[in-house]
Amino acid sequence: MLVVPTAAIKNGIPSEYRKGQYFSIANFKTVKFRIKHPGDPEFYKKASVFVFNEQADLIFEKVIDITDAVESTQ
């Protein structure tokens, strides 16, 4: 498992929500990033996205199949 940004996981959810990237939906901000990881990229098949509000409530969670996302951009 790889957590970006690095945070402790509690019950399958990041417990340090303030470490994430702040964004406003009104700005329609696209969040993209690359990581350097020594492991085999084929190891990672899915990504989980968590969105918290300012009160630390989890308001959105989605699992994305990375293999589908990569294939659709090529």
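The values are calculated or read from the model by the stated rules, or taken from the named source; none is laboratory data. Everything quoted here is computed from the prediction, not taken from an experiment. In this analysis, Cβ positions are derived from the backbone assuming ideal geometry, glycine residues included, and neighbour counts consider all displayed protein chains.
Looking at (1) surrounded by 10 or more Cβ atoms within 10 Å (Cβ to Cβ); (2) modelled with pLDDT under 85, which is the only condition V49 fails?
Failing condition for V49: (2).
If you check every pair at least six apart or on different chains, which have Cβ atoms under 7 Å apart with a residue in segment 1-21 that is farther than 23 Å from P41 by Cα first and a residue that is part of a strand (DSSP E or B) second?
Filtered contacts from segment 1-21: S15/I9; Y17/F52.
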